[in-house]
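Undergrad: Got a structure for you, questions after.
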Amino acid sequence: MLRLREPGGQGTVKVLLQPRDYVEQKTLTPHDYGLDLWQAIPGVTEMAVAKQQLSYQCDQCGSPNIVALPVLHEQGTRTYSSPTNWGSSQSYSAQGAAPPRRKGYGGPFLLWGFLLSFFLFWSWACYSAMLKYPKTASSMEYPLGLLGLMVLGCVIGLVLTTRKVSRYNQAVFPVLYSTWARTYMCRRCGKLLHIPS
């Protein structure tokens, strides 16, 4: 209760002030009743503990600013297009963080296919000359046999090279790719770190 005096007046005026509550009422939680959250969920009898993920640091400089190579490659690669030109650009760090690539079959087929067609053409030309000029056929047997061996060598080379490429793509590439996916780079000193999962 507060008493005020009127100016120029003789008595006092009684004014009763009611205090206001500006504090909001907090809703009660299961913890307020002495329960953990998992005990308040019906049907749950136990709860697994989530471990905090370790913060990795660079072995060389101790910086926690490390980034995965896939993320580094994606962040540094940009594609652009306009009515006159299109393409992509990469930063130097994105080029260095590029993923390993599968080997293609185009190179072996181009090389061995060219050689095979070259030797097949000359074998056909030599055989046609033997049929056209039977008197010189005996002198053409040796070159025709040599060209036939070259054709056979080209076919064997093509088969072996494609098997080698296939073996790389099926056995070596997946290991390289998974290693690349788990490799991190320190943004401070540039050291590469392999963090197994």
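Undergrad: Is there a residue in region 117-125 that is under 29 Å from Leu147 (Cα atoms), of a type in the set (S, T, N, Q) and either at pLDDT 90 or above or surrounded by 11 or more Cβ atoms within 10 Å (Cβ to Cβ) (or both)? Reasoning before the result, please.
TA: We begin by selecting, within region 117-125, every residue under 29 Å from Leu147 (Cα atoms); these are 117-125.
So of that shortlist, the ones also of a type in the set (S, T, N, Q) come out as 117, 123.
Add one more test, that the residue is either at pLDDT 90 or above or surrounded by 11 or more Cβ atoms within 10 Å (Cβ to Cβ) (or both), and what stays is 117, 123.
The answer is yes; a qualifying residue exists.
Undergrad: Determine which member of the set Ser89, Ser178, Ser166 is farther than 30 Å from Pro64 by Cβ and of a type in the set (Ser, Thr, Tyr). Quick ask: steps written out before the conclusion?
TA: Details: Ser89 fails: farther than 30 Å from Pro64 by Cβ; Ser178 fails: farther than 30 Å from Pro64 by Cβ.
Being farther than 30 Å from Pro64 by Cβ and of a type in the set (Ser, Thr, Tyr) holds for just one of Ser89, Ser178, Ser166, which is Ser166.
Undergrad: Spot the failing condition for Pro196; the list is (1) surrounded by fewer than 12 Cβ atoms within 10 Å (Cβ to Cβ); (2) part of a helix (DSSP H, G or I); (3) not aromatic (Phe, Trp, Tyr), and only one is missed.
TA: The number of the failed condition is (2).
The values are calculated or read from the model by the stated rules, or taken from the named source; none is laboratory data. If you're wondering where the values come from, they're calculated on a predicted model, not measured in any experiment. Note that we place each Cβ from the backbone using ideal geometry, even for glycine, and neighbour counts take in every protein chain shown.
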